Amino acid sequence: MNLSVRISSMKMKNPVMTASGTFGYGEEYSEFVDLNSLGAVVVKGISLKPREGNPPPRIWETPCGMLNSIGLQNVGLEEFLKFKLPFLRQFDTNVVVNILGETLEEYVQLCEALDKVVEAIELNLSCPNVKKGGILFSEDPEIFKKVIEESRKKIKHSVMIVKLSPMSDVKKFAKIAEQEGVDALSLINTIPAMAIDIHTRRPRLSNLVGGLSGPAIRPVGVKMVWDVFSTVGIPVIGMGGIITGEDAIEYILAGATAIAVGTANFVYPDATIRILNGIEKYMRLYNIEDINSLVGGLIWEG
């Protein structure tokens with residue numbers, strides 16, 4: 001069986017990646033998972049300067065999912081390059097860095113610093129633009145286009161990925177990204193949600209609103225991957241509620257070239273390996289010789 005896939009110029013031994021923010025910097029899971037076995041390790045979002053994140057409580061379990069409001073806590077660019085990246089370079093796997101900023105200039109600086117040193121850079125545009133009154137980069141088409149355009153000028157060697165948020169006009173934003181020269185798209189990010197303690201009448205999260213992830217959002221993710229796959233001609237990385245190999249295959253049939261495992265890592269530290277084994281089992285069951293033959297393989301008479 002051939003499990004290898006390509007995301008633009010990045011060749012992966014299999015389609016299983018980790019989702020940013022759920023796998024630390026790789027080292028945290030290395031005693032549970034052989035990182036050499038993964039197609040890519042996507043580290044938690046990196047900003048120019050370290051961020052402490054939101055105060056607790058910032059995680060709340062929900063039926064079939066989880067709310068989180070971590071607040072983009074991370075060690076910052078300098079410490080990542082000095083300590084976190086060298087550890088990952090011990091392994092035969094691709095390193096993808098998710099980046100975040102509060103201004104266009106911060107995204108540009110991060111792209112310039114990381115180009116060449118990692119296989120791919122994933123732009124998280126679900127961040128507030130402080131110069132535009134806090135509007136998310138992913139909500140305004142012009143701002144969205146501008147940050148991609150300027151980042152693209154700095155990314156010459158690494159693969160450029162843009163992470164899309166779940167939105168009604170996801171096709172429009174996917175098309176903008178493709179037109180601006182993005183190499184691949186990843187989706188979906190978490191869905192804004194909240195929970196209330198009815199006894200104290202207070203929010204479950206200190207930040208009131210968090211991001212919903214886990215199996216509860218999988219049907220939304222699958223639908224949006226299909227929408228984007230049907231709209232653009234660049235690779236799509238699917239994520240959102242993948243717990244089993246069957247879940248991963250569902251995303252692949254909807255059009256995902258690769259998949260990313262997120263919340264499952266908190267339930268099963270070796271979830272990525274379990275899912276990889278499940279993909280192989282499915283391929284043996286149906287005598288599939290090449291994983292790529294399944295991409296977008298949904299059979300529909302519509």
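Taking the dipole about the Cα centre of the chain, with the C-beta of Lys and Arg at +1 and of Asp and Glu at -1, give me whichever of 187, 206, 279 is farthest to the positive side. Of 187, 206, 279, it is 206.
Among the listed pairs 11/116; 84/116; 171/223, none has a Cα-Cα distance over 18 Å.
Based only on Cα atoms, what mean projected area does the convex hull of the chain have, in nm²?
Working: hull surface 62.6 nm².
The number I arrive at for the chain is 15.7 nm².
Our summary gives the chain a relative contact order of 20 percent, counting only alpha carbon pairs under 8 angstrom and 6 or more residues apart.
The value for the stretch 196-302 of Rg(Cα) / (2.2 N^0.38 Å) is 1.28.
Mind ranking 75-87, 147-159, 248-260 by how tightly packed they are, going by the mean number of other C-beta atoms within 10 angstrom, highest first? Could the numbers behind the result be given before it?
Details: 75-87: 15.7, 147-159: 18.8, 248-260: 25.4.
In decreasing order of mean packing, 75-87, 147-159, 248-260 become 248-260, 147-159, 75-87.
Placing unit charges on the Cβ atoms of the charged side chains and taking the dipole of the chain about its Cα centre, the candidate lying farthest along the positive direction among 16, 60, 39 is 60.
Straight-line cross-link partners of residue 13 among the lysines, defined as a Cα under 19 Å from its Cα and at least 8 positions apart when in the same chain: 281. The three principal axes of the Cα atoms in the stretch 219-264 give end-to-end lengths of 29, 17, 15 Å, sorted in falling order.
Among bridges DSSP assigns within the stretch 1-144, what percent are antiparallel (round to 5)? So the antiparallel bridges in the stretch 1-144 amount to around 45 percent. For the chain, the antiparallel share of DSSP beta bridges with both residues in that region comes to about 40%. Three semi-axes describe the equivalent ellipsoid of the stretch 142-246; taken as square roots of 5 times the Cα gyration tensor eigenvalues and ordered largest first, they are 30, 17, 12 Å. The ranking of 51, 89 from fewest to most other beta carbons within 10 Å of each one's beta carbon is 89, 51. Here the alpha carbons of the stretch 44-136 define both size measures, Rg and Dmax, at 14.7, 43 Å. With q set to 0.20, 0.28 Å⁻¹, the log10 of I(q)/I(0) for the stretch 176-236, from the Debye formula over equal scatterers at the Cα positions, is -0.81, -1.11. Among 169, 247, 270, sorting on how many other beta-carbon atoms sit within 10 Å of each Cβ, with the fewest leading, yields 169, 270, 247.
Determine the calculated [θ] at 222 nm for the chain from helices alone, applying -39500 (n - 2.57) to every DSSP H run no shorter than 4 residues and normalising by the residue count; nearest 500 deg cm²/dmol. If you can, show how the numbers build up before the last one.
Working: 8 runs with 80 residues, N = 302.
Mean residue ellipticity, 222 nm, calculated: -8000 deg cm²/dmol.
Readers should treat all values here as calculations from the given coordinates under stated rules, not as data from a laboratory. No experiment lies behind these values; they were computed from the predicted model shown. Positions of Cβ are backbone-derived with ideal geometry, glycine not excepted, and every protein chain shown enters the neighbour counts.
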